[in-house]
Amino acid sequence: MPSGLIRRLRNLAREHRARPVSWVAAQRIAARQGALVAREAAIRNITVDVLVANLPQVRVETDRDLPASGLAVWNRDERSWIIRLNAKDSPERQRFTLLHEFKHIVDHNTSVHLYDPRYLSGHAQAEMAADGFASAALMPARVVRRLVKRDRCDVVELARRLRVSRDRAALRLSDLNLQATTTTRGGNPS
């Protein structure tokens with residue numbers, strides 16, 4: 001039986017069970033799901049990665065020999081999900097991968113209803129939606145807007161504060177149609 005959070009995340013997509021949704025709608029669903037995870041973590045005063053790692057049906061492991069950044073597998077014997085992360089990746093990359101893989105768990109048995117092959121392959125859409133989910137969970141829109149507009153964070157500072165890579169921070173800014181100042185290696189604005 002899925003944990004309460006997983007069930008709530010899946011319910012956000014259930015209204016679309018009749019047929020696959022458009023690519024834009026699938027991205028919106030992923031963003032709403034990521035925002036829900038961020039809110040749940042904030043309510044508990046923990047980070048989203050800690051929230052996911054402590055779910056009753058999820059176990060997180062690191063593996064130095066993993067050929068990818070991560071993967072999620074169902075363990076029938078334990079009746080739980082195992083998310084394996086590449087131990088060689090940076091902590092920022094591992095956090096992003098954890099949330100990315102968690103989205104695949106949330107989508108388990110529902111992806112056929114979410115991703116319409118007329119737009120892109122179902123697999124490609126699932127991967128992009130998992131990235132969007134991870135971005136929304138790790139970098140909530142409200143928080144990013146405040147950091148950029150009020151605190152005047154540049155991409156480097158945004159990445160540092162949110163504990164994500166600079167590339168992911170820059171992509172999130174683009175997704176939200178925001179521009180932050182940039183800095184050069186010497187720390188001077190460019």
If we keep only residues of the range 115-148 that are modelled with pLDDT of 90 or more and among the charged types (D, E, K, R), then the residue nearest to the chain's Cα centre (by Cα) is Asp131
Hits in the range 104-147 (condition: of a type outside the set (A, V, I, L, M, F, W, C), surrounded by 15 or more Cβ atoms within 10 Å (Cβ to Cβ) and in contact with a strand residue (DSSP E or B) (Cβ under 9 Å, 6 or more places away or on another chain)):
His104, Asp107, His113, Tyr115, Asp116, Gly122, Gln125
Six or more apart or on different chains, Cβ under 7 Å: which pairs go from a residue in the range 19-34 that's open to solvent by 20 Å² or more (accessible area, probe 1.4 Å) to one that's of a type in the set (A, V, I, L, M) and in a helix (DSSP H, G or I)? Could you list them?
Pro20/Leu114; Gln27/Ala129; Ala31/Ala136; Arg32/Leu12
With the requirement that a residue be charged (D, E, K, R), under 19 Å from the mean Cα position of the chain (by Cα) and assigned to a loop (DSSP other than H, G, I, E, B), what does the range 64-91 give you?
Asp89
Is there a residue in the range 18-30 that is in contact with a strand residue (DSSP E or B) (Cβ under 9 Å, 6 or more places away or on another chain), closer than 18 Å to His108 by Cβ and not in a helix (DSSP H, G or I)?
yes
Criterion (on the phi < 0 side of the Ramachandran plot, open to solvent by 60 Å² or more (accessible area, probe 1.4 Å) and either of a type outside the set (D, E, K, R) or modelled with pLDDT of 95 or more (or both)) met by exactly one of Glu92, Glu15, Glu78
Glu92
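The values are calculated or read from the model by the stated rules, or taken from the named source; none is laboratory data. Values in this document were obtained by computation on a predicted structure and should not be read as measured data. A quick note on method: Cβ atoms are made from the backbone with ideal geometry, for glycine too, and the neighbour counts reach across all protein chains shown. Heads up: the accessible areas ignore ligands, DNA and RNA and are worked out on the full protein's heavy atoms, side chains in. Shrake-Rupley method; radii C 1.70, N 1.55, O 1.52, S 1.80 Å.
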